[in-house]
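One structure is given here, and the rest of the page talks about it.
Where a number appears in this text, it was derived from the coordinates with a stated rule and is not lab data. Just so it is clear, the model here is predicted, and its values are computed rather than measured. Heads up, the Cβs are rebuilt from the backbone with ideal geometry, glycines too, and the neighbour counts pull from every protein chain shown.
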Amino acid sequence: MMTKEVVVTISGLQLSDGDQDTIETVHMGEYHEKDGVHYVFFDEILEGHDQPVRNMIKLGERSVAVRKRGPVSSELSFEEGSTSESAYNMPFGAFMVSVHTSSVRLNVEEEKIESKASYRLSINGEHCSDCDIQVTVQAKETFKLC
């Protein structure tokens, strides 16, 4: 059974014009499960801002939803075989983000949940990159940075 206090690791890979860019962030968060859907909440601190960005990630069998509130706000939905659009609002301006999700996989274990999504990213109507994102949720007590 997953504990309420968790460590959330988000790993992203972007492929654009032959270049590969990887980013990974680690956050302390809260975990809840309701009707087979997994919810993770955590805050991000942006440089130069006092108010945190409050994040909610909803992990389903074939979908991932990411909601941000605060200095950055957006609602992105990754559903296998679907395209979704959302405004991505940042302190310096807003832009439209479109994601076409080709696959979503969810693996649930006793003290660890992993969700992986592959998608095409477009910003303001122009294709930017092909991306993979992995969200790993681990019980705080058993967290190991791999």
Using the Cα gyration tensor of region 5-142, with a ≥ b ≥ c the square roots of its eigenvalues, what is the shape: rounded (a/c below 1.5), prolate (a/b larger than b/c) or oblate (neither)? oblate
Once a ≥ b ≥ c are taken as the square roots of the eigenvalues of the Cα gyration tensor of region 61-146, is the result rounded (a/c under 1.5), prolate (a/b larger than b/c) or oblate (a/b not larger than b/c)? oblate
Region 44-145: which chymotrypsin sites (Phe, Trp or Tyr not before Pro) are DSSP loop and have at most 14 other beta-carbon atoms within 10 angstrom? Phe92
Give me the distance between the Cα centres of region 22-81 and region 82-146, rounded to whole Å. 9
What does the highest-first list of 102-108, 40-46 look like by mean Cβ count within 10 Å? 40-46, 102-108
Please go through the residue pairs Lys34/Lys144; Lys4/Lys58; Lys58/Lys112 and name each one whose alpha carbons sit more than 18 Å apart in this structure. Lys34/Lys144
Using Cα pairs closer than 8 Å and at least 6 residues apart in sequence, work out the relative contact order for the chain, in percent. 22
